[in-house]
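These notes are about the structure you will find just below.
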Amino acid sequence: MSSSTSVGDLVSQPYKYGFVTDIETDKIDKGLSEDVVRLISSKKDEPQFLLDFRLRAYKQWLRMEEPDWATLGHPAIDYQEMIYYAAPRQQEKKASLDEVDPKLLETFEKLGIPLSEQKRLSNVAVDAVFDSVSIATTYREKLAEHGVIFCSISEAVKDHPDLIERYLGTVVPSNDNFFAALNSAVFSDGSFVFIPKGVACPMELSTYFRINSGDTGQFERTLIVAEEGASVSYLEGCTAPMFDTNQLHAAVVELVTLDDASIKYSTVQNWYAGDENGVGGIYNFVTKRGHCRGDRSHISWTQVETGSAITWKYPSCVLQGADSVGEFYSVALTNNLQQADTGTKMVHVGPRTRSTIVSKGISAGRSSNSYRGLVQIGPKATGARNYSQCDSMLIGDQAAANTYPYIRSQQPEASVEHEASTCRISADQLFYLQSRGIGFEEAVSMMVSGFCRDVFNQLPMEFAAEADKLLALKLEGSVG
Amino acid sequence: MIRPDADTLLEIVDLQARVEDKPILKGVNLTIKAGEIHAVMGRNGSGKSTLSKVLAGHPAYTVTGGSVLYRGANLLDLEPEQRARLGLFLGFQYPVEIPGVSNLEFLRVSTNARRGEKGEEELDTFAFEDLVRERLQVVQMDPAFLERSVNEGFSGGEKKRNEILQMALLDPLVAILDETDSGLDIDALRIVAGGVNHLASPDNATLLITHYQRLLDVITPDYVHVMAGGRILRTGGKELALELEDRGYDWVDQELAVLEVA
């Protein structure tokens, strides 16, 4: 194959978001101790209950160990060599965008997330998080008219402490796992969404996370609560500059749905993945869980994971309410030396609960891509049903794909189905498309988007096309 | 149809090619003019399928010598997709399945790629749907096949019909059909051959690659070439195919042996 069309060239496209914004930041010294936890809390002027929550988590974390069961390998992380709080130096959250440092606005504009009144997306409200703090949230007033609260979690702690106290840590307890405990101790910012009873959120909500500092861990915390009959669709996006060191990202996301409520949570993850030799990149250790607390409630996770050197992530649903529904739609793409161990847990507690899992893994280069999923049916989940489909696509002959489905059922009446397949983009398929006048890159992207269609169909329309393009870009140069 | 004044579409001179380290084509000469139908016959391993893949630009084959001019330009410099856009078509012996890619969308994208090269406007989904429904009749294909993934779960005969449908949409100047008759029952063979005959015109040319006479009973070639050991050993009219049918390929082997000693 001639040089102009090798899949390798295609995949080796430079990472578009690798720039660093030169801005003065307020950082605390590296390392983690009880004093650091207290310092973060005091910098954010937090109420006592939250400081207590952090300190309890910190003490639990000290007694915990990093999980080692995933199909991942990385050098030991030195938690004392990391900075736990960094914020662009600006005094207060600004009342209006005009007062936000133009450099920050410019940064988000470069990332395709314009925040200014004139340019912002017309039907999507955005919370922009830069390093550890939220710098702006658009359409707040309009949302407030509907009773919808959409703000950074730091503001929510100040303005709605009762809601935070009621819900924080109730889905992912602070001692849930090593990374969740770490996050609970040091989390900096993230988004808070509250949709009151009976309200269908009038627009898409979105949070865009940007890591900028090179030596900083990012620990954001997101909490979304939908009261009885409420519904919301939320999307998060993320990018980071290119550094040759690894940065830790350990987020926690909690979703709560009461009776008849629904939350649709979509992620397009494009953290820096490291270079073709595996140098640098984000370690993405994330705990995401939704709790269908109410009857007939519905939580749907859709994720497109393309970045990070390491992805360890299992967005899950605890289906407690009767007739509640959990869904997980995932595309995970790994290239070069990226490693992903991702999947979901569907925990069926209530009767007639249903869950659907559709996972599409694409492995190129020398990467490793594992699906790991648990379907658990408890003794009271009479008539529970699950359907799982896990497909892997291999590009080239040096990539690895694994599927680890775990099924535990204590309910003889339940129905659990699991289907899995593995395929490969072959040189003959590509040649076939080329011999019909279709260029090499377009041929690859046609095949990849065909493979991912079931998942992309679940994304909000504005983002489906973008996800398609992102995958094509990530794969440039990987076939051949 | 042989016309001395017809334009030369394809001119292959001393073409040599290998796959990995194995030489397969050892000096193929062949000239194809507009309006002509050529048949290349030969045993398995004679190099006939390799010839078709080299012409279409398959990456597994390396050209080690000779030249190919397509309408006066160097074909071997072009990417496979450029060759296709310029009107070179390869009908595959074993069309691959491409799960997840809709046949209709695939046909539309490829038709538009060819149309763009010809300076014609792109067809939107509606205009294309009209065109494809009309061309389906050439191969008597059920429109339901448009809704499926490319070749996925198609029978051997359906795959071959899908190939001829693509040919009907792409309107090639040189169509190379590699063992199009293999795996077809007699009815399917008649339909596929009918499609090829229907599409043949004074402006285009067809190169049939086949084992058997039976395809040539339904598509009458102007020239028959016998290939062995990576070369064209003999060229004649349609009667040469009948001679092969009568005498088998043994005499070809003998001629080849003489040639290789010499």
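Over all directions, the projected convex hull of the C-alpha atoms in the range A:371-476 averages 8.7 nm² in area.
Can you give me the C-alpha center-to-center distance between the range B:194-215 and the range A:267-338, rounded to a whole angstrom? Result: 54 Å between the Cα centres. Chain A packed on chain B takes about 2100 Å² of accessible surface away from a 1.4 Å probe, both sides summed. Counting only Cβ charges, +1 for Lys and Arg and -1 for Asp and Glu, the dipole size of the range A:364-480 around its Cα centre is about 400 debye.
Between A:K43 and A:R408, what is 0.36 nm times their sequence separation minus the Cα-Cα distance? Round to one decimal in nm.
Computed gain between A:K43 and A:R408 is 126.9 nm.
In this Cβ point-charge picture (+1 for Lys and Arg, -1 for Asp and Glu), the protein assembly as shown has a dipole of about 1020 debye about its Cα centre. Ordering A:G450, B:V226, A:S188 by the projection of their Cα atoms onto the charge dipole of the protein assembly as shown, which places +1 on the Cβ of Lys and Arg and -1 on the Cβ of Asp and Glu, puts A:S188 at the extreme positive end.
So what is the calculated 222 nm ellipticity per residue for chain A, using -39500 (n - 2.57) for each DSSP H run with n of 4 or more, over all residues, to the nearest 500 deg cm²/dmol?
Details: 11 runs with 107 residues, N = 480.
Rounded to the nearest 500, the figure is -6500 deg cm²/dmol.
Across chain A, the longest run free of exposed loop sites, meaning trypsin sites (Lys or Arg not before Pro) lying outside DSSP classes H, G, I, E and B with no more than 12 other Cβ atoms within 10 Å, spans A:120-480. Taken over the Cα atoms of the protein assembly as shown, the convex hull encloses 183 Å³ per residue. Label-to-label distance, A:D162 versus B:E120, with points set 7 angstrom from Cα along the beta-carbon direction: 7.0 nm. Of the residues A:I407, A:I299, ranked by 1.4 Å probe accessible area with the largest first, the sequence reads A:I407, A:I299.
If you build a Gaussian network model of chain B, linking Cα atoms that sit under 10 Å apart, which residue out of B:V19, B:V40, B:V252 swings the most? Answer for the Gaussian network model of chain B: B:V19. Modelled label positions at A:E66 and B:T235, each set 7 Å beyond Cα in the direction of Cβ, lie 7.0 nm from each other. Computed from backbone phi with θ = phi - 60° and the Karplus coefficients 6.51, -1.76 and 1.60, the 3J(HN,Hα) list for the range A:351-367 is x, 6, 6, 10, 9, 10, 10, 10, 10, 10, x, 10, 10, 10, x, 10, 7 Hz; x is used for glycine and proline.
Can you give me the % of accessible surface on the protein assembly as shown that is carbon or sulfur? Probe 1.4 Å, all protein chains present, nothing else counted. Please list the in-between numbers first.
Working: 13770 of 29070 Å².
Here it works out to 47 percent.
For chain B, a Gaussian network of Cα nodes joined below 10 Å ranks B:A84, B:A17, B:A127 by mean-square fluctuation, and the top entry is B:A127.
The charge dipole of chain B, taken about the Cα centre with unit charges on the Cβ atoms of Lys, Arg (+1) and Asp, Glu (-1), comes to about 400 debye, rounded to the nearest 20. Going from the chain on its own to the full set of protein chains, the range B:96-119 has these residues losing 40 Å² or more of accessible surface (heavy atoms, 1.4 Å probe, no ligands, DNA or RNA): B:V96, B:I98, B:G100, B:V101, B:F106, B:V109. Near the amide H of B:A205, within less than 5 Å, lie the amide hydrogens of B:G35, B:V174, B:A175, all on another chain or at least 5 residues away, with H placed in the peptide plane.
With a simple spin-label model that places each label point 7 Å from the Cα along the Cα-to-Cβ direction, the separation between A:D52 and A:E419 comes to 5.1 nm. Note on B:F89: accessible area approximately 0 square angstrom, rounded to 10, probe 1.4 Å, nucleic acids and ligands left out. Cross-link check: pairs B:K53/B:K160; B:K22/B:K48; B:K33/B:K238; B:K22/B:K159; A:K264/A:K469 evaluated at a Cα-Cα cut-off of 26 Å; pairs beyond the cut-off: B:K22/B:K159. Surface analysis of chain A yields an accessible area of 37 Å² per residue, using protein heavy atoms and a 1.4 Å probe. Residues of the range B:47-63 whose accessible area (probe 1.4 Å, heavy atoms of protein chains only) drops by at least 50 Å² once all protein chains are present, relative to their chain alone: B:H58, B:P59. The residues of chain B present an accessible area of 43 Å² per residue when probed at 1.4 Å with all protein chains retained.
Under the definition of Cα pairs under 8 Å and six or more residues apart, what whole-number percent is the relative contact order of the range A:3-474? Kindly include the intermediate steps, with their values, before the conclusion.
Details: 1220 pairs, mean separation 49.1, N = 472.
Relative contact order here is 10 percent.
The values are calculated or read from the model by the stated rules, or taken from the named source; none is laboratory data. Note that the coordinates shown come from a computational prediction; the quantities given were computed from them, not determined experimentally. Glycine also receives a Cβ, built like all others from the backbone with ideal geometry; neighbour counts cover every protein chain displayed. Ligands, DNA and RNA are stripped out before the accessible areas are found, and what is left, the full protein with its side chains, is counted by its heavy atoms. Shrake-Rupley method; radii C 1.70, N 1.55, O 1.52, S 1.80 Å.
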